[in-house]
Amino acid sequence: MPPLIQIQDVSKSYMRDSFEVPVLNNINLDIEEGEFMALMGPSGSGKTTLLNLIAGIDKPSSGKIKVSDTDISQLSETALAKWRANNIGFVFQFYNLIPVLTAYENVELPLLLTPLSKKERKKQAETALEIVGLADRMKHYPKQLSGGQEQRAAIARAIVTDPLVIIGDEPTGDLDKNSAEEILTLMERLNKEFKKTLLIVTHDPHAAERANITKHIDKGDLV
Amino acid sequence: MKILKLILKNSLRHKLRTFLTICGIAIAVIAFGMLRTVVTAWYAGIEASAADRLITRQAVSFIFPLPYTYKDKIANVEGVDQVTFATWFQGVYIDKNQFFPRLAVDPETIFDVYPEWIVTPEEKATFQRERNSCIIGEDIAAMYNLEVGDAMTLEGDIYPGDWQFIIRGIYKKRDQTVDGTGMFFHWDYINERMKVDDPIRVGEVGWYIVKIKDPNQSAEVSRRIDELFLNSSAETKTETERAFQQGFIASFSSIITAMNFMSFVIIGIIMLVLGNTMIMSSRERTREYAVMKTLGFSTPHLTSLILGESMFISFLGGGLGLFLLFPLIEGFGMVVPKNWFPIFNLEEITIVLAASSAILVGIVAAIFPIQKAIRTKIVDGFRFVG
Ligand SMILES: Nc1ncnc2c1ncn2[C@@H]1O[C@H](COP(=O)(O)OP(=O)(O)OP(=O)(O)O)[C@@H](O)[C@H]1O
Ligand SMILES: [Mg+2]
């Protein structure tokens, strides 16, 4: 079986003023289905950029990114938005919950793009919240939650559509040791128990240990 | 359904800001409605003027008199049905700040030429018989609590001295467009006294009102009348009542134009008020929009979210403004002297204009934030620092 994610000769550069700044150089990387991969590297090395390309929220300057046989570098903006909704769960460093929505409503949000009925949405959102252990905090607004709880709600939002891949950009970067531990345990569980493919960026070697495989990136090159 | 909830929640995020914006829009809608009402009320006078009446005045200026002897000459002109005349008396009744038209008229003909002032045959007969009698409008009667049989004393200015009249009739307005604040008395009565007080002014008439047989002939009849007095010491200028009214209004036209212009400036101001609020809100939510896009929400969703919020606020503001406009216009109509604006109503067109302006404002104010939200790339949205 071919790898779930195939990154082939991917380069990315940004324009700064009128200069082209190379960020990623000819990256080749395969991620197998069911893998839990950690990506490490110094600040500014291009980790976030690579995640964004895989998640389809940015496009490579050259090269191909195939996710389960779809070449996402070829998709139009609209097609890409649809693709993200169906295939990607994104967890951010700063949680990024919508402040005016409750934990439940935040988790339900991605389901509004699906044809699910209200009842089905409710069932699915509640299940996701139960998995992350927030069943008793559903009615709380983000500002009424601790950082760890917010991140758990964000994870529930990422898994509620049952995506192919869960992507986390320093998901424990803003948390204290205990909360970080909880989040990592949760991710490990998603990988082992629910057979999810996970890709996270982290600065913490301890966190990277939880993954099955760790890749290093430096100045835009995989090492 | 969910999007609606999010729109509502977003709108209420900064309650004070939303409240102030709504008040701003409401105030602007009120100002708009008031200005438009004044403008329409102004033009209502022209609309109400009769098409079969001509006004003959002194050619140089309205303020110069015409000889009484013209009456019969005009009456003989081809196409003329009936002639009456009036003289501006002015004077003061009780309070010199309370103004209403006081005219010396020809009691035999005035109510035939002005059928919109309705008097009973008995009132008319008594009025014609008694030289010091007068007839007043129902609005003036109500304002000063006057009844038939009461005396009214005017302090003359153009015609100095005290002048006493007995009310012998109160005319009713045929409809809302008619001025109900007039006061009419015998021209003869004034003229007789001038023979003693100021003989030079004897036989002077302010202007003639000519009822013509066929409104389509107004141009020809006017020309015939004016030709009659060509090269005399008092040449005339005859025009339709409507043209006369328009000429009168034209002297205020710059004010009207300014009001018209202002009313649309106000719409521009509401756009800026709401636009500013929407831009601030959207800017603060740059990151949230990036999150929503990451989740797969796209152009139609963001558009309805932002447009919805903008429309919601403009609806509330416009609704509140219109809601308050009704009693305000009514109150204003009661305070404003009746003879300024016989009709001071909130016209349907004003309501439609105000409401559609509110909708337009809601749309326009959303355009820029929507564009911005759509165009901002997700990665830039996350890198954005407010
Ligand atoms: N949208 C962008 N526009 C311009 N330059 C960008 C953009 N995104 C990233 N960069 C630049 O690309 C380089 C790599 O950025 P990236 O965010 O991928 O690094 P990172 O490895 O995630 O760093 P950190 O550990 O600090 O998060 C940086 O020099 C950054 O300034
Ligand atoms: Mg980063």
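The set of residues in segment B:125-158 that are within 31 Å of the chain's Cα centre (by Cα) and not hydrophobic (A, V, I, L, M, F, W, C) comprises B:137, B:138, B:139, B:144, B:145, B:147, B:153, B:155, B:156, B:157.
Each residue in segment B:286-331 was checked for being aliphatic (A, V, I, L, M) and in contact with a strand residue (DSSP E or B) (Cβ under 9 Å, 6 or more places away or on another chain), and 2 of them qualify. Pairing residues of segment A:40-56 that are free of Cβ contacts under 8 Å to residues at least 40 places away in the same chain with residues that are part of a loop (DSSP other than H, G, I, E, B) and away from ligand 2 (no atom under 11 Å from the Cβ), at Cβ distances under 6 Å and at least 6 apart in sequence or on separate chains, gives A:52/A:58.
Of the residues making up segment B:1-10, those that are in contact (Cβ under 8 Å) with a residue 40 or more places away in the chain and within 10 Å of another protein chain (Cβ to nearest Cβ) are B:3, B:6, B:8, B:10. When segment B:124-170 is filtered for residues that are among the small types (Gly, Ala, Ser) and in contact (Cβ under 8 Å) with a residue 60 or more places away in the chain, only B:156 remains. Going by what's in this entry, would residue A:4 be described as more than 10 Å from every other protein chain (Cβ to nearest Cβ), in contact with a Ser or Thr (Cβ under 9 Å, 6 or more places away or on another chain), within 16 Å of ligand 2 (Cβ to nearest atom) and on the phi < 0 side of the Ramachandran plot? Answer is no for this residue.
Listed here are the residues, each with its yes/no results for (1) in contact with a strand residue (DSSP E or B) (Cβ under 7 Å, 6 or more places away or on another chain); (2) closer than 27 Å to residue B:267 by Cα; (3) of a type outside the set (Lys, Arg).
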| residue | (1), (2), (3) |
| --- | --- |
| B:16 | no, yes, yes |
| B:21 | no, yes, yes |
| B:26 | no, yes, yes |
| B:57 | yes, no, no |
| B:68 | yes, no, yes |
| B:75 | yes, no, yes |
| B:78 | no, no, yes |
| B:83 | yes, no, yes |
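Scan segment B:48-57 and give yes if some residue there is buried (at least 18 other Cβ atoms within 10 Å of the Cβ), touching a residue at least 12 places away in the same chain (Cβ under 8 Å), among the polar types (S, T, N, Q) and within 30 Å of residue B:274 (Cβ to Cβ), otherwise no. The answer is no; no qualifying residue exists. Restricting segment A:1-35 to residues that are hydrophobic (A, V, I, L, M, F, W, C) and more than 21 Å from residue A:86 (Cβ to Cβ) leaves a set whose member that is nearest to ligand 1 (Cβ to nearest atom) is A:23.
So which residues in segment A:54-91 are under 24 Å from residue A:13 (Cβ atoms), within 10 Å of another protein chain (Cβ to nearest Cβ) and under 12 Å from the mean Cα position of the chain (by Cα)? Of everything in segment A:54-91, those that are under 24 Å from residue A:13 (Cβ atoms), within 10 Å of another protein chain (Cβ to nearest Cβ) and under 12 Å from the mean Cα position of the chain (by Cα) turn out to be A:55, A:56, A:57, A:84, A:88, A:90.
Scanning segment A:156-185 for residues that are out of contact with any helix residue (DSSP H, G or I) (no Cβ under 6 Å at 6 or more places or on another chain), of a type in the set (A, V, I, L, M) and assigned to a helix (DSSP H, G or I) returns A:158, A:180.
Could you go through segment A:40-54 and let me know if any residue there is in a strand (DSSP E or B) and more than 10 Å from ligand 1 (Cβ to nearest atom). No: segment A:40-54 contains no residue that is in a strand (DSSP E or B) and more than 10 Å from ligand 1 (Cβ to nearest atom).
A single entry from A:119, A:143, A:123, A:195 fulfils the requirement of being away from ligand 1 (no atom under 16 Å from the Cβ) and assigned to a loop (DSSP other than H, G, I, E, B): A:195.
Taking each residue of segment A:209-223 that is within 13 Å of residue A:40 (Cβ to Cβ) and looking for partners that are charged (D, E, K, R) and within 16 Å of ligand 2 (Cβ to nearest atom) with beta-carbon atoms closer than 8 Å, six or more apart or interchain, yields A:217/A:47; A:222/A:215.
Annotation note: of B:240, B:257, B:236, the sole residue that is among the β-branched types (Val, Ile, Thr) and loosely packed, with under 15 Cβ neighbours inside 10 Å is B:257. Only residues that are part of a loop (DSSP other than H, G, I, E, B) and free of Cβ contacts under 8 Å to residues at least 40 places away in the same chain were counted across segment A:71-116, and they come to 5.
Only residues that are surrounded by 15 or more Cβ atoms within 10 Å (Cβ to Cβ) and either at pLDDT below 90 or within 12 Å of ligand 2 (Cβ to nearest atom) (or both) were counted in segment A:183-203, giving 3.
The values are calculated or read from the model by the stated rules, or taken from the named source; none is laboratory data. If you're wondering where the values come from, they're calculated on a predicted model, not measured in any experiment. Neighbour counts run over all protein chains shown; Cβ positions are idealised from the backbone, glycine included.
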